[in-house]
Amino acid sequence: MEWITELLLPGNTSIAATLVLYSFVIAAGIYLGKLKIAGVSLGVTFVLFMGILMGHFGYEVDESTLKFVREFGLILFIFSIGLQVGPGFFSSFKKGGVTLNGLAVLAIVLNVAIVVCIYYFGNVNDISALVGVMSGAVTNTPGLAAAQQTISQMGPEGAAQANLMASGYAAAYPLGVIGIITAMFVIKGIFRIKIDDEIAQIEAEREDSQLKPFMMTIEVTNQLVDGRTLVQLHDIIECNFVVSRLMTTSGEMVIPKSSTVIHVGDKLFIVASMQDADKFRSVLGEEITMDWEETPTPVYSRRIVITKSEYNGVAIGSLRLHKGYRLNATRVNRAGVDLLASPGLRLQMGDRITVVGDLEDIDRLASRLGNSLKRLDQPNLITIFVGIVLGIILGSINIGFGMKLGLAGGPLVVAILLSRFGYKFKLVTYTSNAASMMLRELGICLFLASVGIAAGKGFADAVFNTTGMWWVIWGFVITVVPLIITGCIARAKYKINFLTIMGLFSGNYTDPPALAYANNSTAHDAPAVAYSTVYPLTMFLRVVAAQTLILLLA
């Protein structure tokens, strides 16, 4: 039984003992992180505290092994985050998201400003510790990772400073989660907000939503459009729309194409944006109620899944659905969101395109596009590792003033770019939700366990004293003050709904526990929508901000 003792006791740095230590830290951390206190849990971040605990009791890992596991876990986590947020990164700057992202940027600026003030005028003058406190206060692990990786390259004291940074992060993190929720309560109290009223307001606005595809049936009554083709109709009504099906006055159902002629009495099933609905009513005729699915007809509507990589990035118009298949495409569902199937919309792996026509034609198109869900279960490892190589290269380039994106920033930027423009280089970035989550969670667990084990040895001496007390206090200030200022501006100036503000707070601090609290307390998805709107830009800027503070002040 001596071998078991050697395997489990502190001081053994063999491969077997290291694997046992990592496995225990990660498993116990994940389990304890699920426990909720007042409805809030720390989630996977508890792996960090479990690593600190084991490091405090003398467990350690060979330095080179620990560094490799930490950096590899960081790259996996950061790269998967980039692939996740990339598709929404650029669209988050469009109208509707500009205000929220502007407020998120304001909060980040205020976070950094408070850290700089503490550094120059407060009682904590170690920027490494302060950046760790800031990362913990805003519950942003990638920022911590980027700053640690940056400072570790700045000299022989880098490793010690990285451990000090981890201690500051761990000291500030718990109150960081609580501080976000506290700020929500403060804003709610200041403006005397009632959740039910906010929900009713959102529901009323959704009824008038202008964004999602809108389906309607119009009976042609305008004599001026009698005899016009659909091409001419597009010239008259200048907007994106699709005439999915057409029923003639004789009751014949046809799949219209650009040369199809419309007549008075025809019934048209139109898919367009809701904001354009009035144009069709004024130009064509009255909107009527008609159940096309229940109408006896040889025309069917089916969804086809894009699973062949050669169609990644291909525009719908280039499929020549009218001439080649006698089909109409009406909608594209991407990640649960319906998009209007305009000719210029480029398809992506995993998209579900809704087509209308004869079953034989639909089957021919399905065979061409793939329509195999099993294909989506296969991870595109080539893209992942090509992206990691490119990310490391980009992260190693000096971009001026000695600044580098590093092993955190480089893969993050490359992943964002690949997820948006990868199709142009025939790279498939689609990854199933399960595979993406697995990659991300594995990476963050390896990183947090490594950081915790390394920081655990001196954690008690660094935190449980007057300095540690100030870390906690300043961390809470860094958390709460920017949120209250941002929240007041959002509510008073821009009249933003409180549920959206809750999502803004959670996304700005990239904090899933706070989002979970917001969702559970409101039973509504509005916080999640706001969270996803600001999350991509925020994640990127948090990483850059942490690195910049180290490069300028360390």
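Along the range 64-81 the Karplus relation, 6.51 cos²θ - 1.76 cosθ + 1.60 evaluated at θ = phi - 60°, assigns HN-Hα couplings of 5, 5, 4, 5, 5, 4, 4, 5, 5, x, 4, 5, 4, 5, 5, 5, 5, 4 Hz to successive residues, with x for each Gly and Pro.
For residue 368 and residue 523, what does the FRET efficiency come to when R0 = 41 Å and r is the distance between their Cβ atoms, rounded to the nearest 0.05? Computed FRET efficiency for residue 368 and residue 523 comes out at 0.45. Here residue 303 and residue 160 are evaluated by their C-beta separation; at R0 = 56 Å the FRET efficiency comes out at 0.50. Simple spin-label estimate for residue 222 and residue 338 gives 2.4 nm between the two label positions (7 Å along the Cα-to-Cβ direction from each Cα). What shape does the range 117-162 take by its C-alpha gyration tensor, where a ≥ b ≥ c are the square roots of the eigenvalues and a/c under 1.5 counts as rounded, a/b above b/c as prolate, and the rest as oblate? Cα axes put the range 117-162 in the oblate bin. Percent relative contact order of the chain, based on C-alpha pairs within less than 8 angstrom and at least six residues apart? It comes to 27 percent, rounded to a whole number. Taking all protein chains as shown and a probe of 1.4 angstrom, residue 386 keeps an accessible surface of around 60 Å². With K and R counted +1 and D and E -1, the other residues having a Cβ less than 12 Å from that of residue 103 yield a net charge of +2.
The structure-derived value of Rg/Rh (Cα atoms, Kirkwood Rh) appears in the list (i) 1.11; (ii) 1.06; (iii) 1.03 under the label (ii). With a 1.4 Å probe rolled over the protein heavy atoms of all chains, the accessible area of 392, 81, 26 falls in the order 392, 26, 81, largest first. Available extension along the chain between residue 153 and residue 279 is 39.2 nm, counting 0.36 nm per residue and deducting the alpha carbon span.
Normalised per residue, the accessible area of the chain is 46 Å², obtained with a 1.4 Å probe and no contribution from ligands, DNA or RNA. Computed over the chain, the per-residue total of -39500 (n - 2.57) for DSSP H runs of n ≥ 4 gives a 222 nm mean residue ellipticity of -19500 deg cm²/dmol, rounded to 500. The portion of the accessible surface of the chain made up by carbon and sulfur, rounded to a whole percent, is 61 (1.4 Å probe; DNA, RNA and ligands excluded).
When 8, 504 are compared by accessible area at a 1.4 angstrom probe, the order from most to least is 8, 504. Multiplying the residue separation of residue 191 and residue 358 by 0.36 nm and subtracting their alpha-carbon distance yields 54.4 nm. Note on exposure: 531, 494, 31, 300 ranked by accessible area (1.4 Å probe, complete protein assembly) read 31, 494, 300, 531, with the most exposed listed first.
For residue 372, the residues whose modelled amide H falls within less than 5 Å of its own, excluding neighbours fewer than 5 places apart on the same chain, are 307. With the whole protein complex present, residue 112 retains an accessible surface near 40 Å², based on a 1.4 Å probe. Spin-label pair residue 229-residue 469: with each label point 7 Å from Cα along the Cα-Cβ axis, the two points sit 8.3 nm from one another. For the chain, the dipole from Cβ point charges (+1 on Lys and Arg, -1 on Asp and Glu) about the Cα centre works out to 820 debye, to the nearest 20.
In this structure, residue 494 and residue 4 have a Cβ-Cβ separation that, at R0 = 51 Å, corresponds to a calculated FRET efficiency of about 0.25. Spacing of the modelled spin labels on residue 425 and residue 215, each 7 Å from Cα toward Cβ, amounts to 3.9 nm. Note on residue 243: accessible area approximately 10 square angstrom, rounded to 10, probe 1.4 Å, nucleic acids and ligands left out. Maximal additional length on extending the residue 19-residue 125 stretch stands at 34.4 nm, based on 0.36 nm per residue less the C-alpha distance. Less than 5 angstrom separates the built amide H of residue 496 from those of 491, all sequence-distant by 5 or more or on a different chain.
The values are calculated or read from the model by the stated rules, or taken from the named source; none is laboratory data. Every value quoted in this text rests on a predicted model; they were computed, and no experiment measured them. Every residue, glycine among them, receives a Cβ derived from its backbone with ideal geometry; neighbour counts consider all protein chains shown. Note: accessible area is taken over every heavy atom of the protein model, side chains too, but ligands, DNA and RNA are not part of it. Shrake-Rupley method; radii C 1.70, N 1.55, O 1.52, S 1.80 Å.
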